[in-house]
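The block underneath contains the structure these notes are about, expressed in structure tokens.
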Amino acid sequence: MAEVQKKLDLSLITGEPGMGKTTTGVKILVDKCGLTTPPYKQRFTNDPDYTKNYHVFANIHLFGIKYAYLPLEKLILHMNTTVNGLPINHPDAIPLVGYGIYLYDEASQGNNARESNSNDTMVLQSLVLQGRHRHLAIIFVAQFSRLMTWDTKGLTKQWIECERKNLDSPIITLTVKRDGQPKHSFNFNGSKTWRYFKSDEIHALSDARLARAYDRAKTGGEN
Amino acid sequence: MVQKNQNSDDLFNQLAEEQPIRDTEESVDASYDNDDRPLEYYERNTPNLTDLQFLIKTLSPDFKDEVFNCLLVGRLSPDTFRPLFRLLVNNEIRRHRGKQIDVIKTATKIYTILTIALDGKHVIDILEIYGSKSSNDELDNISKNMGLGG
């Protein structure tokens, strides 16, 4: 756990569409779950101590991995939930969203710089700020870093840039930049990671937001 | 001190069961090899560029053209500079016959490449920069060891 916390903390994966961003994010999850080499053994144990287990959260649907589906609205619901029933600000409280890794795909929706003052984005920013206290490594996946809020950009410890020569090639080139270290480029084969997720999953906009947009469009921008 | 709770995992399991574990689908393309090692393996086994490699990579851009790339590492005699320049510019323009081509841009690009290659100065420049950097590093180390700061 300490290793993940030290190495990952907050990561930002960027790249143009189709360059293997989500693949890289899922690959990190898969590596950390110990699913990389068959037979696929999950690192989840039956230890009753929540803090010794390794929890995976993601806002996309995954296949073959035990995870909690946690889109933004669910994260907001469970932000203050603790597994031992104590209030979240109690020194002994163990947060439900913690002790693991959280993959947030398409972070330009939900953590967008242009919406950084909206209430829902503020929750995600708070999670970023509380990441160390929750023992939670967070991976944001976005098209480019300028879409991200300033909090995220300022606290990111690991920047990963993805590149692929063409859409048919399984070889993804990663350029990793960590705090205080020179850039490092290396390739990996993403073909075995594609089975853990569906690359064309669409992230839904909330009904309320669409209703507001519809109202505005209907009235010609007057509402 | 963290309190132990026998049912502490139940809440997570409950959350996880909302989306039950589904079987993985077959790999999109099974023809590729069974290369499924962790990212750390790839990272560890890819060497970092040394200073010299970094310099060469930065100062010798890939022009996607065999002739231009050859010229960069060659030694161009000053006598051949002018004829080769005319020849290469003509060649470039002829290659794009019937298409739009920016003549000034092409001539400038070829002039730059030939200047780099003139007398093999390019390689000498790289080695000089590398040498001065190495000696600076060495001097820094010595001054640090002697307690002179740096």
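Nothing in this text is a laboratory measurement; each read-out follows from the coordinates by a stated rule. Please read all numbers here as calculations on a predicted model, not as lab measurements. Positions of Cβ are backbone-derived with ideal geometry, glycine not excepted, and every protein chain shown enters the neighbour counts.
Below is a table of values for the structure above.
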quantity: Net charge dipole size for chain A [Lys, Arg +1 and Asp, Glu -1 on Cβ; Debye, nearest 20]; calculated: 540
quantity: The stretch B:66-77 - phi-based ³J(HN,Hα) in whole Hz, Karplus 6.51/-1.76/1.60, Gly and Pro as x; calculated: 4, 5, 5, 5, 5, 4, 4, 9, x, 10, 9, 6
quantity: 5 angstrom amide H check on A:Tyr99, placed H, neighbours 5+ away; calculated: A:His135, A:Leu136
quantity: Residue order, fewest to most surrounding Cβ atoms within 10 angstrom, among B:Ile104, B:Ile110, A:Ile101, B:Ile56; calculated: B:Ile104, B:Ile56, B:Ile110, A:Ile101
quantity: Three principal axis lengths of the stretch A:2-218 [C-alpha, angstrom, descending]; calculated: 55, 47, 35
quantity: Ranked A:Trp159, A:Trp194, criterion: other C-beta atoms within 10 Å, fewest first; calculated: A:Trp159, A:Trp194
quantity: Backbone HN-Hα couplings from phi across the stretch B:118-125 [Karplus 6.51/-1.76/1.60, Hz, Gly and Pro as x]; calculated: 4, 6, x, 4, 4, 5, 4, 4
quantity: Rough spin-label spacing in nm, given labels placed 7 Å along Cα→Cβ, for A:Trp150 and A:Ala204; calculated: 3.4
quantity: Rough spin-label spacing in nm, given labels placed 7 Å along Cα→Cβ, for A:Ile171 and A:Met122; calculated: 4.9
